[in-house]
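Notes follow the structure.
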Amino acid sequence: MTERPSPAHLILIGLPGAGKSAHGKRVARLLKRPFVDLDREIERVTGRAVAEIFASDGESAFRAMEHQVTQALATMPQSVVAPGGGWILDPANVALVKPGARLVWLQVQPAAAVLRMGARIAKRPLLAHENPVGILTQLLEERRARYACADYILDTEAYGWHKVAHLIAALAPTSSEG
């Protein structure tokens, strides 16, 4: 008996501030599918904020929790999923959702991401520093090769929010694919 493949989720990857959650919610409404924000799911399961987990347990503990909630995607209906920006760095996360899932890299320049996040940037453990653009630039360089393995790449700065949501929705796998 072969292992049942993961449902055909639409997974939005990219830097913090790329719009994974904002676009993900819109796309989920368009597709009439559940929306799953993996950071919010970790907070729900642990009863703790992501920033608190980073501060008290460290990034490696957070990444282990992230992997656990990724495993749970196998039992969820076909969804639009927004993982954290570093989710893609663990090849085991991608292996858990492939071949069914479709990954879309939401590209954004670091300066634009910082502007989009505004005051909410203070809630981002990796960006709570005096030079968030520099940190995002470094993260982009470190993650670029992994992000580039996405099934599709979409420049979120090239279109308005409404158009981006519709372009992402058009990339969603159908239920027959998953």
Original post:
Any idea how many residues of region 101-123 are in a loop (DSSP other than H, G, I, E, B) and either open to solvent by 10 Å² or more (accessible area, probe 1.4 Å) or under 16 Å from His23 (Cβ atoms) (or both)?
Top reply: 2
**OP:** Filter region 48-99 for residues that are surrounded by 16 or more Cβ atoms within 10 Å (Cβ to Cβ), among the polar types (S, T, N, Q) and either assigned to a loop (DSSP other than H, G, I, E, B) or over 15 Å from the mean Cα position of the chain (by Cα) (or both) and give the result.
**Re:** Gln78, Ser79
**OP:** Give just the number: which of (1) over 18 Å from Val94 (Cβ atoms); (2) touching a residue at least 24 places away in the same chain (Cβ under 8 Å); (3) among the aliphatic types (A, V, I, L, M); (4) assigned to a loop (DSSP other than H, G, I, E, B) does Leu126 not satisfy?
**Re:** (4)
Subject >> Residue satisfying condition, being closer than 23 Å to Val80 by Cβ and part of a helix (DSSP H, G or I), within set Leu167, Leu136, Leu154 >> reply: Leu167
Original post:
Residues of region 37-46 being touching a helix residue (DSSP H, G or I) at 6+ places or on another chain (Cβ under 8 Å) and more than 12 Å from Gly84 (Cβ to Cβ), which ones?
Top reply: Val45, Thr46
Original post:
Can Leu38 be described as in contact with a Phe, Trp or Tyr (Cβ under 8 Å, 6 or more places away or on another chain) and either within 20 Å of Pro7 (Cα to Cα) or surrounded by 13 or more Cβ atoms within 10 Å (Cβ to Cβ) (or both)?
Top reply: yes
Subject >> Any chance Ala18 is at pLDDT 90 or above, within 24 Å of Tyr159 (Cα to Cα) and either touching a Pro at 6+ places or on another chain (Cβ under 8 Å) or assigned to a loop (DSSP other than H, G, I, E, B) (or both) >> reply: yes
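The values are calculated or read from the model by the stated rules, or taken from the named source; none is laboratory data. From a predicted model like this one, the values you see are computed outputs, not experimental measurements. Using ideal geometry, Cβ is built from the backbone for each residue, glycine included, and neighbour counts are taken over all protein chains shown. Areas reflect the complete protein model, heavy atoms only, side chains present, ligands, DNA and RNA absent. Shrake-Rupley method; radii C 1.70, N 1.55, O 1.52, S 1.80 Å.
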